[in-house]
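Asker: Pasting in a structure now, in structure tokens, and then I'll have a few things to ask.
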Amino acid sequence: MSTPLSFPPSVARQLSRRSVFEALLHRSPISRADLAKVTSLSKQTMSEVIDAFEQQGLVRPVGRTRGNVGRTAVLYELSPDSGQVLGIDLGAQRLTVALADIAGRVLAEADEPTDSRGGAWTLDQIARLSDRLARDNHTHPSRIRSIVMATPGVVNPKSGAIEMAPNITGLDHLNVVGLLGEKLGSPAVLENDINLALLGEIWHGCARNVDNVAFLALGSGVGLGLYVNGRLVRGENGAAGEIGYLPIGGDPLQAESRLQGCLEYQIGAAGVVRRYREAGGSEVGSERQVFERAQTGDPTAATVVEETARLTALAAAAVIATVDPQLLVLGGSVGSRPDFADKVARLVLQLSARSVEIRTSTLGRRAGVVGALSVALRRLHDEIFGVAELTTALPLPPPAQRSASQ
């Protein structure tokens with residue numbers, strides 16, 4: 001028989017607190033007696049933990065058990081006021097901010113078009129929308145204990161600037177990390193938007209319970225998120241997945257390709273519109289119109305869409321051959337279109353040496369902000385209940401219903 005693990009008393013107490021918190025996170029509302037059964041803790045230890053949680057404002061009573069003969073028991077759940085998190089998704093076209101409580105319940109969410117001037121104007125917009133959301137929800141800034149923002153490109157760890165994000169100007173010359181923390185009144189963690197969209201799909205979307213997932217996003221830009229053997233892949237400089245720079249679809253040495261990425265220059269939203277115009281198509285204002293015209297029989301638009309699908313399939317085949325995913329998720333304003341995804345899937349079947357399931361994003365444009373909330377929650381939970389002796393993170397709560405006000 002193996003020898004049971006032995007921890008110092010202080011660590012043992014923290015482990016007890018952690019196990020009770022996890023049970024509350026996944027089984028609320030729940031009584032003290034049921035908590036003791038679930039956690040295998042003694043009734044005395046359970047009472048001590050719950051009493052401490054109540055004093056700290058971590059839990060609150062929400063009623064009593066009903067329907068049983070004899071004495072009823074108080075039911076507890078995590079208090080929404082014990083800690084809240086802010087998730088931000090900064091996109092080239094739209095800015096989304098969501099506020100959630102410690103149990104992952106979304107309390108409020110808002111979005112608006114991203115300020116086209118970029119740079120400092122965009123940071124001011126983020127702060128303004130975040131403040132409005134907190135104020136409307138009667139949330140004091142001190143309650144927001146974890147902030148995570150999804151951003152295009154790569155964050156330079158030395159300068160705090162956002163690089164390789166050509167669709168939002170001016171962020172490569174600013175200490176975005178520092179300035180955003182000052183404006184929000186609390187440090188903010190920045191993560192690549194595609195990585196967070198992938199984590200959003202793993203938590204609430206189409207990739208639940210899958211350990212090897214590739215998320216290929218196609219919209220204003222082109223990006224790739226990789227989740228391999230249950231871990232997010234970031235690379236040496238955080239630039240893993242910058243698939244827009246693959247030398248596919250054109251001359252990778254021309255100026256536009258070097259600035260934006262060869263593949264992104266061809267199949268990003270602006271590339272789809274540009275190629276349609278160059279092929280003789282009439283004036284359009286967005287890639288969505290090109291796809292709509294293809295569906296209504298415009299032969300030029302149909303040709304552009306087919307070529308976009310072909311180039312996307314080439315990129316997807318390269319990803320499959322390199323990282324061997326169980327699932328490939330297509331997202332973004334273009335990638336998540338079912339008609340387009342079907343074209344890509346058929347082509348990938350011809351190109352790839354093995355069959356891989358392909359799904360479209362179920363969260364759509366909310367994937368990034370949901371992923372930001374998931375990381376913010378993990379950071380908050382670890383801050384309160386992390387145990388250095390354990391390498392495993394607390395599991396996130398199952399998908400919760402959004403507030404009735406949303």
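Asker: Check the range 94-105 and report whether any residue there is of a type in the set (Lys, Arg) and under 23 Å from ALA33 (Cβ atoms).
Answerer: There is no residue in the range 94-105 that is of a type in the set (Lys, Arg) and under 23 Å from ALA33 (Cβ atoms).
Asker: From ALA270, ALA316, which residue is outside the structural domain of ALA165 (by TED's automatic domain parsing), crowded, with 22+ Cβ neighbours inside 10 Å and of a type outside the set (Asp, Glu)?
Answerer: Going through ALA270, ALA316 in turn, the sole match is ALA316.
Asker: Same structure, new question: Taking the stated definitions as given, is ALA309 at pLDDT 95 or above and of a type in the set (A, V, I, L, M)?
Answerer: Spelling it out, ALA309 is indeed at pLDDT 95 or above and of a type in the set (A, V, I, L, M).
Asker: Quick one: how many residues across the range 145-160 are touching a residue at least 40 places away in the same chain (Cβ under 8 Å) and either surrounded by 21 or more Cβ atoms within 10 Å (Cβ to Cβ) or outside the structural domain of ALA376 (by TED's automatic domain parsing) (or both)?
Answerer: Within the range 145-160, residues that are touching a residue at least 40 places away in the same chain (Cβ under 8 Å) and either surrounded by 21 or more Cβ atoms within 10 Å (Cβ to Cβ) or outside the structural domain of ALA376 (by TED's automatic domain parsing) (or both) number 9.
Asker: Take the range 220-257 and flag every residue that is aliphatic (A, V, I, L, M), over 22 Å from LEU327 (Cα atoms) and surrounded by 15 or more Cβ atoms within 10 Å (Cβ to Cβ).
Answerer: Answer for the range 220-257, where residues must be aliphatic (A, V, I, L, M), over 22 Å from LEU327 (Cα atoms) and surrounded by 15 or more Cβ atoms within 10 Å (Cβ to Cβ): just ILE248.
Asker: What is the residue count in the range 322-334 for residues that are assigned to a helix (DSSP H, G or I) and either crowded, with 23+ Cβ neighbours inside 10 Å or not assigned by TED's automatic domain parsing to the domain that holds ALA240 (or both)?
Answerer: The qualifying residues number 2.
Asker: In the range 341-350, is there at least one residue being surrounded by fewer than 20 Cβ atoms within 10 Å (Cβ to Cβ), within 22 Å of ASP193 (Cα to Cα) and not aliphatic (A, V, I, L, M)?
Answerer: No: zero hits.
Asker: Among the listed residues VAL189, VAL213, VAL228, VAL233, which satisfies the condition of being under 30 Å from ALA134 (Cα atoms) and either of a type in the set (A, V, I, L, M) or in contact with a strand residue (DSSP E or B) (Cβ under 8 Å, 6 or more places away or on another chain) (or both)?
Answerer: VAL189
Asker: What strands (runs of 3 or more DSSP E) lie completely within the range 102-209 and have 1 or more residues being of a type in the set (S, T, N, Q)?
Answerer: 144-151, 188-192
Asker: Would a scan of the range 339-354 turn up a residue that is in a strand (DSSP E or B) and not charged (D, E, K, R)?
Answerer: no
Asker: In this structure, is VAL189 β-branched (Val, Ile, Thr) and out of contact with any Leu (no Cβ under 7 Å at 6 or more places or on another chain)?
Answerer: Against the criterion (β-branched (Val, Ile, Thr) and out of contact with any Leu (no Cβ under 7 Å at 6 or more places or on another chain)), VAL189 qualifies.
Asker: Tell me whether the range 291-306 contains one or more residues that are more than 26 Å from the chain's Cα centre (by Cα), surrounded by fewer than 19 Cβ atoms within 10 Å (Cβ to Cβ), closer than 22 Å to LEU349 by Cα and not hydroxyl-bearing (Ser, Thr, Tyr).
Answerer: Yes, the range 291-306 contains at least one residue that is more than 26 Å from the chain's Cα centre (by Cα), surrounded by fewer than 19 Cβ atoms within 10 Å (Cβ to Cβ), closer than 22 Å to LEU349 by Cα and not hydroxyl-bearing (Ser, Thr, Tyr).
Asker: May I ask you to say which residue of GLY371, GLY364, GLY335 is within 27 Å of LEU90 (Cα to Cα), of a type outside the set (A, V, I, L, M) and at pLDDT 95 or above?
Answerer: GLY371 is the lone residue from the list that is within 27 Å of LEU90 (Cα to Cα), of a type outside the set (A, V, I, L, M) and at pLDDT 95 or above.
The values are calculated or read from the model by the stated rules, or taken from the named source; none is laboratory data. These figures come from a predicted structure and were not determined experimentally. Note that we place each Cβ from the backbone using ideal geometry, even for glycine, and neighbour counts take in every protein chain shown.
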